[in-house]
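Step one of this worksheet: look at the structure below.
The values are calculated or read from the model by the stated rules, or taken from the named source; none is laboratory data. Everything quoted here is computed from the prediction, not taken from an experiment. As a convention, Cβ positions derive from the backbone with ideal geometry for all residues, glycine included, and neighbour counts pool all protein chains shown.
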Amino acid sequence: MYKFPYSIDNKRYHTLNFYNKNRYGKRVMKAVIDAGFTCPNADGTKGTGGCIYCREGSGYFTSRYSDNIYEDVINQLTAEKQRIFAKFPDCLITAYFQANTNTYAPIHILEKAYNAALDCGVSGIAIGTRADCLSEETVTLLKSVSEKTDLTVELGLQTIHDRTAALINRCYSYAEFLEGYNRLKAAGIRTCLHIINGLPGESYDDMLTTAKEVGKLSPGGVKIHLLHINKGTALEKIYLDGKYTPMEKEDYIYIVANQLLYIPPETVIERLTGDGDRRYLVAPLWSRDKISVLGGIDKKMAEMDIWQGKAL
């Protein structure tokens with residue numbers, strides 16, 4: 001049986017478990033923070049409504065942050081740490097600025113938010129954002145954060161295809177993505193790129209091409225998601241109108257296994273399927289069984305005798 005070098009549990013891809021155990025020697029959990037930011041494709045700067053799959057995109061979008069953001073972040077992190085330590089008392093904590101675009105605010109606001117996380121005794125910070133919200137001033141701030149803790153900037157690419165980006169209301173081009181990504185790379189900041197399988201109008205070849213191009217960028221990490229249809233989103237209406245068909249389980253497993261062929265072995269695969277909120281998930285319902293999906297990917301890779309980066 002093939003033994004992939006970046007795994008301690010017989011996986012054929014570079015697992016986040018392997019990365020954390022080798023870097024920190026223990027479990028690392030993410031404490032999720034909503035700092036009250038919005039997005040430029042939601043507040044009217046570039047568009048309105050947000051991406052079609054975003055639940056908040058159908059609601060009233062407004063920036064909620066205030067000059068009390070330092071205290072707000074401290075309070076959220078304190079509560080999250082208590083929750084996590086109750087189950088995993090010996091783990092390390094990464095502060096995860098997850099909701100919306102977490103570099104989309106004035107520099108003094110961003111600085112307060114990031115400093116709050118630094119002051120709250122975390123082992124690292126992860127910042128979810130868009131590549132078109134990475135000015136030189138912002139990247140300079142991010143670089144200073146990276147010099148104080150383990151920083152990962154998570155970029156929601158989703159697809160390299162501009163026609164799909166227009167359909168999902170992403171409101172920036174692949175060329176703009178590359179500009180922001182290259183600024184982070186030049187600053188030596190670790191990145192994790194997000195892609196989504198099953199976007200409207202995309203074929204197997206489209207999804208594979210996105211993975212190939214992402215592989216060429218050699219990011220620190222990659223997250224692969226399935227497109228979920230959630231209640232209250234623009235995508236739900238498209239689905240209910242019969243204009244979109246979600247992916248089948250076996251098709252998703254097959255495309256993920258093949259996408260991993262083109263991702264460098266050194267890149268950490270931080271996720272292979274998303275965690276849809278059961279309260280809002282409309283379809284595909286098979287995605288609720290995450291263990292089955294992950295097991296299916298393992299089985300498919302073994303059947304095909306492939307592993308991450310084999311095609312490179």
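Here Leu110 meets each of (1) crowded, with 20+ Cβ neighbours inside 10 Å; (2) among the aliphatic types (A, V, I, L, M); (3) more than 21 Å from the chain's Cα centre (by Cα) with one exception, condition (3). Does Asp205 fit the bill of being surrounded by fewer than 20 Cβ atoms within 10 Å (Cβ to Cβ), out of contact with any strand residue (DSSP E or B) (no Cβ under 7 Å at 6 or more places or on another chain) and in contact (Cβ under 8 Å) with a residue 40 or more places away in the chain? No; evaluated as a whole, the condition is false for this residue. Per the listing Glu236, Glu179, the residue uniquely of a type in the set (Asp, Glu) and surrounded by fewer than 18 Cβ atoms within 10 Å (Cβ to Cβ) is Glu179.
The lone criterion from (1) out of contact with any helix residue (DSSP H, G or I) (no Cβ under 9 Å at 6 or more places or on another chain); (2) buried (at least 22 other Cβ atoms within 10 Å of the Cβ); (3) of a type outside the set (A, V, I, L, M, F, W, C) left unmet by Thr267 is number (1).
Please determine whether any residue of the stretch 239-260 is within 30 Å of Ser135 (Cβ to Cβ), modelled with pLDDT of 95 or more and touching a helix residue (DSSP H, G or I) at 6+ places or on another chain (Cβ under 9 Å). Checked the stretch 239-260: no residue is within 30 Å of Ser135 (Cβ to Cβ), modelled with pLDDT of 95 or more and touching a helix residue (DSSP H, G or I) at 6+ places or on another chain (Cβ under 9 Å). For the stretch 202-234, give me the residue count where each residue is over 19 Å from the mean Cα position of the chain (by Cα) and closer than 13 Å to Met247 by Cβ. Counting residues in the stretch 202-234 that are over 19 Å from the mean Cα position of the chain (by Cα) and closer than 13 Å to Met247 by Cβ gives 4.
Looking only at residues in the stretch 233-291 that are in contact (Cβ under 8 Å) with a residue 40 or more places away in the chain and of a type in the set (S, T, N, Q), the one that is nearest to Ala42 (Cα to Cα) is Thr233. The residues in the stretch 66-105 that are assigned to a loop (DSSP other than H, G, I, E, B) and within 19 Å of Glu154 (Cα to Cα) can be counted, and the count is 8.
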